[in-house]
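Trainee: I'd like to ask you about the structure that follows.
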Amino acid sequence: MNVIDPVGLVYKAIGADEPFFRLVEHFYAGVEKDPILRPLYPEDLAPGREHLALFLIQRTGGRQTYSEQRGHPRMRQKHTPFKIGQKERDAWIMNMYAALNAVPEFEPHLETMKDFFDSFATFMINQPG
Ligand code: HEM
């Protein structure tokens, strides 16, 4: 929650949950139409959408509801059921960048959030190719 972790300051600067839910809505609208990502996601996208919003609220310094409901993040472990290679990672990032660009509240935090998603998404890769 300091200069070492600029991501942890974003929630306070934005000051509300709603832009995070709007971000995730945009992201999932992209997932729904994405031929690489859609097959990885379950038929019902609603629970994952809620979990992603709560995770991002928590990770950026907001309420800790994600961990109360879903336990310790352990994100890499939670992604092991999905085959994530470079192609899937890049598709995820493309959709998330588009979502960030669609929500003006994130404009002052674009560099911080894009850096965060870039390295986090690379960390989720669990398959060669
Ligand atoms: C690299 C490409 C990625 C792919 C292909 C991917 C795919 C998925 C899929 C298929 C789910 C399950 C959704 C559901 O059960 O409805 C999921 C869950 C989730 N993903 Fe990702 N993901 C990726 C990267 C990321 C990144 C970078 C983050 C965070 C910055 C993230 C955060 C989450 C969260 C919070 C959940 C919900 C976990 C839970 O069940 O509590 N994912 N992801």
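Trainee: Inside segment 39-71, can you point out the residues that are of a type in the set (Gly, Ala, Ser) and under 23 Å from residue 87 (Cα atoms)?
Mentor: Within segment 39-71, just 48 meets the criteria.
Trainee: Consider residue 65 against the criteria (1) more than 6 Å from the ligand (Cβ to nearest atom); (2) β-branched (Val, Ile, Thr); (3) out of contact with any helix residue (DSSP H, G or I) (no Cβ under 6 Å at 6 or more places or on another chain): it satisfies all of them except one. Which criterion is unmet?
Mentor: Answer for residue 65: the failing condition is (3).
Trainee: Now for a separate question. Please go through segment 8-37 and give me each residue that is open to solvent by less than 20 Å² (accessible area, probe 1.4 Å), of a type in the set (A, V, I, L, M) and in a helix (DSSP H, G or I), ordered by number.
Mentor: Of everything in segment 8-37, those that are open to solvent by less than 20 Å² (accessible area, probe 1.4 Å), of a type in the set (A, V, I, L, M) and in a helix (DSSP H, G or I) turn out to be 10, 23, 24, 31.
Trainee: Considering each residue of segment 117-129, count those that are within 7 Å of the ligand (Cβ to nearest atom) and of a type outside the set (A, V, I, L, M), and give that number.
Mentor: 2
Trainee: Can I ask one more? Name the single residue that is nearest to the ligand (Cβ to nearest atom) among those in segment 73-110 being within 22 Å of residue 8 (Cβ to Cβ) and of a type in the set (Val, Ile, Thr).
Mentor: It comes out as 93.
The values are calculated or read from the model by the stated rules, or taken from the named source; none is laboratory data. Keep in mind it's a predicted model, so treat the numbers as computed, not measured. A quick note on method: Cβ atoms are made from the backbone with ideal geometry, for glycine too, and the neighbour counts reach across all protein chains shown. All accessible areas refer to the heavy atoms of the entire protein, side chains included, with ligands and DNA or RNA removed. Shrake-Rupley method; radii C 1.70, N 1.55, O 1.52, S 1.80 Å.
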